[in-house]
Amino acid sequence: MNPHFYGVDATLAIRNGEIGSQYQKMPILALTAHASLDEHESINVEVFNHYLIKPVQEHKLQAALNASCR
């Protein structure tokens, strides 16, 4: 994996099987420090299982982790 990938690029590579087909359906939780309306709307929720905006609230993180582990 290229260390210069951005989160969305890395996630798309995983979803497209570029690092191995065994990882394509792995749960991916995105964390972002930016919460402007434009950025919020531009997050591709179809490639992530969940995403949270920092600072992360513990109950939201726990809910996302629980949902991803089902």
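The values are calculated or read from the model by the stated rules, or taken from the named source; none is laboratory data. The structure displayed is predicted, hence computed values, not measured ones. Virtual Cβ from ideal backbone geometry, glycine too; neighbours counted across all protein chains shown.
Please work out which residue is modelled with the highest pLDDT, limiting yourself to segment 32-56 and to residues that are within 19 Å of residue 15 (Cα to Cα) and surrounded by fewer than 14 Cβ atoms within 10 Å (Cβ to Cβ). Reasoning before the result, please.
So in segment 32-56, the residues within 19 Å of residue 15 (Cα to Cα) come out as 42-51.
Retained after the next criterion (residues that are surrounded by fewer than 14 Cβ atoms within 10 Å (Cβ to Cβ)): 42, 44-46.
Values: 42: 61, 44: 64, 45: 66, 46: 72.
My answer is 46.
Taking every residue in segment 22-40 that is farther than 18 Å from residue 58 by Cβ and among the β-branched types (Val, Ile, Thr) and pairing it with any residue that is at pLDDT 80 or above and surrounded by fewer than 12 Cβ atoms within 10 Å (Cβ to Cβ), at least 6 positions away or on another chain, yields no pair with a Cβ-Cβ distance below 7 Å.
Residues in segment 57-70 that are surrounded by 12 or more Cβ atoms within 10 Å (Cβ to Cβ) and of a type outside the set (Gly, Ala, Ser) were compared, and the one that is farthest from residue 24 (Cα to Cα) is 60.
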